[in-house]
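Working notes for the structure below.
Derivation of every value follows stated rules applied to the coordinates shown; laboratory data play no part. Quick caveat, the model's predicted, so the values are computed rather than measured. Positions of Cβ are generated from backbone atoms using ideal geometry, with glycine treated the same way; all protein chains shown enter the neighbour counts.
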Amino acid sequence: MLSSWLSIVVVSTSKALALSNGLASTPPMGWNSYNAFSCATTEAQYKATAQRLVSLGLSSLGYEYLNLDCGWQGKTRNASGGFTWDTTTIPSGIPALSSFVHNLGLKFGLYSDGGYFACDFVGGTAKYLGSLGFETSDAETFASWGADYLKYDNCYAVSPTDFVDFNPPIQVPR
């Protein structure tokens with residue numbers, strides 16, 4: 001009797017543990033520049049790393065994303081309010097870098113922020129663009145550049161000088 005009951009539980013649980021919708025059958029895996037280069041990565045380093053993901057066989061093991069972290073963003077928006085990239089860091093442009101990564105069979109990810117500025121490693125003085133007030137247009141821009149993934153932080157979301165607001169302007173029920 002006990003073994004029959006355990007069989008039912010095992011069969012029932014195994015069917016409930018996975019959805020057959022094709023989404024996230026494994027966690028998103030890849031490489032993010034922050035731990036290796038902080039916010040000081042170059043286009044050449046991104047390209048070399050993408051090539052190494054493939055040549056080392058990591059892409060065939062599921063490491064499919066090359067993700068840019070802080071430092072690629074511009075510091076001002078263009079004349080129509082659009083997001084920009086740092087042309088010194090990424091001289092070929094984000095769309096070209098995205099195409100390079102995709103041509104290797106990898107997916108391409110970007111980093112942005114829900115604040116006035118993105119997080120940085122110099123106490124906010126880098127002033128990399130954030131998406132506050134431009135969330136929809138920035139998401140459309142990132143998609144048009146070929147982004148498959150977006151890492152999204154929340155620095156400088158209350159004011160241009162606050163990294164984290166420890167007293168947010170909301171009331172939490174107690």
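Here are a few things to note about the model shown:
- Dipole magnitude for the stretch 53-133: about 180 debye, using +1 per Lys or Arg Cβ and -1 per Asp or Glu Cβ, origin at the Cα centre.
- In whole percents, the pair-distance distribution calculated for the stretch 47-108 from its alpha-carbon pairs, binned every 10 Å from zero, is 21, 45, 25, 8, 1.
- Simple spin-label estimate for Lys75 and Asn32 in nanometres, 7 Å along Cα-Cβ: 2.5
- Model label points for Ser144 and Leu58, set 7 angstrom from Cα along the Cα-to-Cβ axis, are 3.2 nm apart.
- Shape call, the stretch 8-144: gyration tensor on alpha carbons, a/c limit 1.5: prolate
- Per-residue extension of 0.36 nm, minus the Cα-Cα distance of Ser99 and Ala40, leaves a gain of 19.1 nm for this segment.
- Neighbour net charge for Ser131 - beta-carbon separation under 13 angstrom, K R +1, D E -1: -3
- Loop-resident sites, the stretch 53-139, for trypsin sites (Lys or Arg not before Pro), counting at most 13 other Cβ within 10 Å (DSSP): Lys75
- DSSP beta bridges confined to the stretch 27-155 are antiparallel in about 15 percent of cases.
- Under the convention that each Lys and Arg Cβ holds +1 and each Asp and Glu Cβ holds -1, the size of the dipole of the stretch 39-92 around its Cα centre is about 100 debye.
- A cut-off under 15 angstrom between Cβ atoms defines the neighbours of Cys39, and their net charge, with Lys, Arg +1 and Asp, Glu -1, is -3.
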